[in-house]
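Below is one structure, written out as structure tokens; comments come after it.
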């Protein structure tokens, strides 16, 4: 859903919230120079650019794929041919969402937190895929149980993040 909102520029930013009279300021809390727009919080802010450089370095170490991230790739997904295109776009989406949440809550951008969140998201996806691979168990699930399963997995994600924040900060 976040990628859809990004594609259509309907993500709430402080700039949009100020225009709707729901916020008192619209400047970036990190660089304090620019307006808090979607383009700024995901691409243009110097603090975000530092995180994207860390991401590209880490991605190269993990996959031996050299990413050339331009603003289009960051906002809309990595469209160049590469070996791990799907997982690259998944990793970019998680990074974009974490960056957005940090900016919205005026929290610091932490690349270690990103790696933890990505690890939890991948493990969650693997758990869901292994569960759904067993066709006999899928047929027995009611919509309520599916909702309950996803809610528990989301709670586990938040607990991992809370543990990380309490342990390292």
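The values are calculated or read from the model by the stated rules, or taken from the named source; none is laboratory data. Because the structure is predicted, anything quoted here is derived from the model rather than measured. No Cβ is skipped: glycine too gets one built from the backbone with ideal geometry, and neighbour counts run over all protein chains shown.
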Could you say which residue among 5, 32 is surrounded by fewer than 15 Cβ atoms within 10 Å (Cβ to Cβ) and within 16 Å of residue 109 (Cβ to Cβ)?
32
Of everything in segment 8-24, what is surrounded by 12 or more Cβ atoms within 10 Å (Cβ to Cβ) and under 24 Å from residue 76 (Cβ atoms)? Give them in sequence order.
9, 11, 12, 13, 14, 15, 16, 17
Among (1) modelled with pLDDT under 85; (2) buried (at least 17 other Cβ atoms within 10 Å of the Cβ), there is one condition residue 166 misses while meeting the rest; what is its number?
(2)
Selection count, segment 132-156, where residues are surrounded by 12 or more Cβ atoms within 10 Å (Cβ to Cβ) and at pLDDT below 70:
3
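Among the helices (runs of 4 or more DSSP H) confined wholly to segment 1-94, which include 3 or more residues that are touching a residue at least 40 places away in the same chain (Cβ under 8 Å)?
Once the helices (runs of 4 or more DSSP H) in segment 1-94 are filtered for at least 3 residues that are touching a residue at least 40 places away in the same chain (Cβ under 8 Å), what remains is 2-7, 46-63.
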